[in-house]
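The structure under discussion appears below in the form of structure tokens.
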Amino acid sequence: MSFYEFLNNHGIDYSQEQEASGGVVLSIKKEDLLACCEILKTDRLFNYDMLLSVTGMDCRTHFEILYDLYSTRSHSRLSLKIKTDRVNPNVESLYSLYSSADWHERECFDLLGIEFVNHPNLERILLPKDWIGHPLRKDYNQEDERLCWNKR
Amino acid sequence: MQIIISALDYVYNWARSNSVWPLTFATSCCGIEMICTSASKYDIARFGSEVFRPSPRQADLIITAGTITHKMAPALVRLYEQMPEPKYVIAMGACTVTGGMYENDSYSVVRGVDRLIPVDVYLPGCPPRPEALLDAVIQLQKKMRTETLLDRKKYIEAHKPRVKMPEGDSELLLPCDEIEIVRWGV
Amino acid sequence: MIKALIAKLFSYFSLPHILVGFVWVVFKFAVIAAIMVVVVLMLVLMERRVLAVLTIRKGPNRVGPNGLLQTIADAIKLLFKEDIVPTGADRVLFTLAPVLFFAPVLVVYGLIPFAEGRAGIDSSCSLLLLLAVSSVGILGLVSAGWASNNKYSMLGSMRSVAQGISYELPLVIAALGVVLLSGSMSLNEIVLAQKNILDWYILPSGIGFFIFLTCTLAELNRCPFDLPEAESELVGGYNTEYSGMKFALFFLAEYALLFAYSAVIATLFFGGYTSPFGVYAMGFIPYLKKIVFVEQFFWLMLKTFVIVYLIMWIRATLPRLRADQLMSFSWKFLLPLSFLNLILLALLKYYLG
């Protein structure tokens, strides 16, 4: 059974994108993410049991989040890509499936301000707790009165 | 009286300039060069400084080896405050001298540790070679030898941190009102 | 001679004569303390130079002739440094802890016979006394860890206590083997029982020597058992909060204890102050016969420094153990081995006399 048949069987809407490195990147809907990851993780054939990274991107019109999955059984990689709005960006947390999602999602929240629903401890991880704004957004400009001692 | 003071100064300066114990503090790639400096080819032990103390209570010198970010800054200031007098600072590497390649538009990097704590020796380089760090240590020893016991109070007054520790839930350092920050160059 | 001088001084100043004995003991310990400080200063320098040589470095060589004054500079600097007592610390205990750690070391020095009949305290059970007193130092570590009000100090001192107690047992039992062989608990008599190289107790009790050395390393908190001071885990261990002179006192006591334990190993297993050839070179020369104790002192120092070098060598060679490995090594390996050693020595004594 091929990969795409498998996804079709489970009724998951996807479109394939080819990456420069030749890895498989699947664009899926935001709502399907948790279900998709669950079947990919629990399936005996594919068994993507490891989440390597969660990467957020600011594409000016929307945010993209890239999930890199890895199978320790077949040693293959798979990337899932979802899109979310710029205003009030939110997506379901993968913490219930992969515990490595914890810090990756916190980092994504920290730098891009994407809210991960049902994350157990969604707070800043890299920046100080009371930092204002999310610095990796394209429209971010740093204007914090408290940091006047660090002006150039 | 003057003779006694100067004799005492000589002994005091001789002793402390020859046993500068640095704090084990490395935040970035300069730390690797610092390790190299204490390893066999360059050997900082020749100057009696190989005793890298893990605890700030026993250190005389803090070598800020590497980029200092806003998140790290309170830790650095606290470590500096925990060191007993007399204490010295070597700003090692471009990042801690001016902010280095992060100077222009980084949101997270402190532009030079001299905005946080008073620096005695600036050591540019990205990262500086071990010879350069040895030179910085020697320059610091020279500086120590010029000081006297009489000026110690003035010295301690001048060696206060230039920022206030964060208050309450905040994690950001606050500017200190009393001390004016003098910046040279750009 | 000196005792008579003190007695004369007392009668000159018409002081009560009862105090002479007391002052004599104090004088002896003052001499011992002076020797100890000098030895420690040399030892720290030696350690730094030996470690440098073993890691292909030069070591301190800028201060004084060939770096000989390095540790003196360190000592003066530590004297002048600011002495910090943390806000939350227990002031009295914090100040007392280095002294508590230091005092037993001084007593240990008093018990070691440096030459024939020249020990601070020449007791008939000095080995027992030595083992008892040397474990009192742990009390200093506990109070240092507790009084600092610092979790790293506390963890460091807890580790150090656990380590000290569990390695005390094999150490004592290994020493018991030597007591069994010599039939005496007096260090002086143990030394006199091994008057030449063939009588050294390392030959029958090689396992005992191994156990004693290992336990000594653990008692001294040195590599590979320096878990109480593991920098990567515990900052500085029990002396995290100590600065200036108090830290120097800890430092001093640690190195003094290193030297004392080495001297004890030399005494128990390598014939102490006796010459390995059975005779003293000074014994043949008529005028020098009276000061043969100088040569005896030399032999003890030679043996001790060889063992000190061995311990430094071990430090440069071995990595640090894990905490659970440390405990299981003591309880599951060293303790049974020390019992086995004791039984073997008993059988040896019974059948060979």
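The values are calculated or read from the model by the stated rules, or taken from the named source; none is laboratory data. None of these values were measured; they are calculated from a predicted model. Positions of Cβ are generated from backbone atoms using ideal geometry, with glycine treated the same way; all protein chains shown enter the neighbour counts. Note: areas computed on protein heavy atoms with side chains; ligands, DNA, RNA excluded. Shrake-Rupley method; radii C 1.70, N 1.55, O 1.52, S 1.80 Å.
For the pair region A:96-124 and region C:93-131, the centres of their Cα atoms are 60 angstrom apart. The accessible-area ordering, largest first, of the residues C:M185, B:M144 stands as C:M185, B:M144, per a 1.4 angstrom probe.
Structure remark: mean-square fluctuation, Gaussian network model of chain A, C-alpha springs under 10 Å; the largest value among A:D58, A:D49, A:D139 belongs to A:D139.
On a 0 to 90° scale, report how tilted helix A:101-112 is relative to the longest principal axis of chain A, with both axes built from alpha carbons and the result rounded to the nearest 10. Between the helix axis and the principal axis of chain A, the angle is about 40 degrees. At a probe radius of 1.4 angstrom, the accessible area of region B:64-145 per residue rounds to 33 square angstrom. With both residues required to sit in the protein assembly as shown, DSSP beta bridges show an antiparallel share near 60%. Rounded if a/c is under 1.5, else prolate if a/b is larger than b/c, else oblate: which is chain B, with a ≥ b ≥ c the root eigenvalues of its Cα gyration tensor? It is oblate, given that a/c is not under 1.5 and a/b is not larger than b/c. Sum -39500 (n - 2.57) across every DSSP H segment of at least 4 residues in the protein assembly as shown, then divide by the residue count to get the 222 nm mean residue ellipticity, nearest 500. My calculation for the protein assembly as shown gives -15000 deg cm²/dmol from helical runs alone. Note that region A:61-152 presents 52 Å² accessible area per residue, ligands and nucleic acids not counted, probe 1.4 Å. At the nearest 100 Å², what buried accessible area, both sides summed, do you get for B and C when the probe is 1.4 Å? In total, chains B and C hide about 2700 Å² from solvent. In region B:2-40, burial by the other protein chains removes 10 Å² or more of accessible area from B:L8, B:V11, B:Y12, B:W14, B:A15, B:R16, B:N18, B:S19, B:W21, B:S38, B:S40, compared with the chain on its own (1.4 Å probe, ligands and nucleic acids ignored). Heavy atoms of chains B and A lose about 1800 Å² of accessible surface on contact, summed over both sides with a 1.4 Å probe. In this Cβ point-charge picture (+1 for Lys and Arg, -1 for Asp and Glu), region B:2-163 has a dipole of about 300 debye about its Cα centre. Roughly to the nearest percent, how much of the accessible area of region C:85-352 is carbon and sulfur, given a 1.4 Å probe? Ligands and nucleic acids excluded, carbon and sulfur give 72 percent. Taking the longest Cα principal axis of chain A as reference, the axis of helix A:33-42 is set at about 50 degrees.
Restriction of the GluC sites (Glu not before Pro) in region B:87-186 to DSSP coil positions whose beta-carbon has at most 12 other beta-carbons within 10 angstrom yields B:E167, B:E178, B:E180. Summing +1 for each Lys or Arg and -1 for each Asp or Glu among the other residues whose beta-carbon sits under 11 angstrom from that of B:C36 gives -1. Of the DSSP H helices in chain C, those with a Cα length along their own long axis of 24 Å or more and a mean Kyte-Doolittle hydropathy reaching 0.0 comprise C:19-54, C:91-111, C:151-182, C:244-269, C:292-317, C:335-352. Accessible surface ranking for B:W14, C:W313, A:W149, C:W146, 1.4 angstrom probe, highest first: C:W146, C:W313, B:W14, A:W149.
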